[in-house]
Amino acid sequence: MSELSITKIDPAEIGIVRDALPRFRFTPLSHLPYLKRTQIEGYWIDEITEVMADTKTNSATFVSRISERVVGFAVYAESPWDSRVIGQRIGTLKHLAVDFENSAGGKAVEALVNQSVEHAAKCGVECLTAKVYPRDTVTIHALERNGFLLMDTLVYHLFDFSYMSFDQVIYPRRPGGLSTRLGEPADLPEILEIAERAFKNHFGRYNADSRMPPSAARDVYREWARSSFSGWADWVIVSEVRGKIVGYAVWKKGSALEAKHGFDIIYYNLGAIHPHFAGRGVFAALSYDSMQMLRDYANHLVAPTHVTHSAVHRLGFEFGWQISGARHSFHKWLTP
């Protein structure tokens, strides 16, 4: 068998990656089962092209070959938003794909991980992150052998309005006096307070990583809420009790690139309830009312939820959402 080689490619060589995509089993957006493979591959190559063209992220794309056959690739980029908010230089393996039908697949993924880590370290990155599908055990083991640690697992819930109409969703129990409306910039101080209280002891990857600064999780969720009123999100929906905001939900349309490839989707990116109102039906009412507001904007809603958040999973099942996928998050610190 010919020797495995790893090379860095430039944007003009993206065609060699495009031609190899049909051979890769694990693709982006596998939690959207209604998509055709051609849609996914079209989106995939366009996203890689966008990353490679972004001069702000010090991106790099590495390709593994046996002879002239591409058997895998990795796309690395720095994460300016995370780096700014956390105060540490954060990078990510945005894509890591290998042809596991090839006998050298295991060696290829290890070599790609090693090359990406080496490149990130030379760029001065302090923490490198990666997301992997749970069934992709070869890649998971390659990351772990390189020192990556599992931080959390997100489960993706999908609601399909073309399969189940909103009229079939069970109306939830709700606290007396609760009302729901679109949020306004003037609501930001109350929302920031809820974000800080609700996520103080959250179990996401920012909390799970002992190497993260103590304030990282708080700062990330506060900045996430702040950014939602600065153009990042399309809807911030709040619930009030007696004029006091007690919870908020952040919803975002699919990206322009996703729309280009016909994804027809809205993401339920974040929801938070003031701890004093936790367990009283606010989240159920907020989610139900949000679905009602947004049902005419897209056929598909997606909500990523931490695997251990059993109350949210139960609510999803009651509302007719279906689990459609999951992804593990890994971190590797490159500094002592």
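Points worth noting:
- Centre separation in Å (Cα based) which lies between region 89-132 and region 203-274: 28 Å
- Relative contact order, whole percent, for region 156-325 stands at 35, derived from Cα pairs under 8 Å and 6 or more residues apart.
- The lysines within cross-link reach of Lys253, meaning a Cα-to-Cα straight distance under 19 Å and a gap of 8 or more places when in the same chain, come to none at all.
- Counting every pair of alpha carbons in region 42-98, the share spaced more than 12 Å apart comes to 68 percent.
- Descending principal axes extents, the chain, alpha-carbon based, whole Å: 70, 45, 32
- Rounded FRET efficiency, nearest 0.05, which uses the C-beta distance separating Ser5 from Ser227 and R0 of 45 Å: 0.65
- The Stokes-Einstein estimate for region 156-325, based on a Kirkwood radius over Cα pairs and taken at 25 °C with 0.890 mPa s viscosity, is a diffusion coefficient of 148 µm²/s.
- For region 4-147, pairs of C-alpha atoms spaced more than 24 angstrom apart make up 28 percent of the total.
- Simple spin-label estimate for Asp19 and Gln322 in nanometres, 7 Å along Cα-Cβ: 3.7 nm
- The residues Thr38, Thr153, when put in order of fewest to most other Cβ atoms within 10 Å, stand as Thr38, Thr153.
- Highest mean packing comes first when the peptides 282-292, 164-174 are listed by Cβ atoms within 10 Å, giving 282-292, 164-174.
- Fewest neighbouring Cβ atoms within 10 Å first, the residues Ile14, Ile265 line up as Ile14, Ile265.
We did not get these values from a lab; they are worked out from the coordinates using the rules stated. None of these values were measured; they are calculated from a predicted model. Counting neighbours? That spans all protein chains shown, and the Cβs are built from the backbone with ideal geometry, glycine included.
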